[in-house]
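Working notes for the structure below.
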């Protein structure tokens with residue numbers, strides 16, 4: 001459960017960064033910029049991070065929230081890397097490896113990936129041990 005809580009906190013931090021970028025840095029719908037596609041993706045990331053965090057702590061012993069956390073971290077980090085690597089960025093938004101919020105978001109997205117894999121591995125091995133122990137008890 002500890003890994004799920006760490007994953008939930010990481011997803012919430014990433015969501016908060018994306019909500020902040022959307023609301024305060026011109027990625028929203030009322031900004032006079034052509035970045036509406038990125039703005040929509042920032043809103044989706046904000047909502048998804050909150051939903052995934054809730055699922056991680058409420059829907060225990062199920063692999064789906066861990067899969068969502070893994071995908072959230074992987075796709076969000078890949079989107080940022082793509083926006084820095086392509087000449088015109090992602091949907092016209094060219095990013096750089098500068099800024100505290102960018103680094104915070106990238107690090108917590110990597111944490112999402114690692115925690116999802118670690119929690120899945122841990123829960124799967126714990127489940128196997130419980131089944132094996134139960135089988136021995138029943139067979140004795």
Can you put 123, 21, 109 in order of Cβ neighbours within 10 angstrom, beginning with the fewest? 123, 21, 109
Simple spin-label estimate for residue 110/residue 84, 7 Å along Cα→Cβ, in nm, reads 1.0
Spacing of the two label points (7 Å from each Cα toward its C-beta) at residue 117 and residue 2, in nm: 2.0
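Each reported figure results from applying straightforward, stated rules to the coordinates on display, with no laboratory input. Just so it is clear, the structure is predicted and the values come from calculations on it, not from any experiment. Cβ atoms come from the backbone with ideal geometry, glycine included; neighbour counts cover every protein chain shown.
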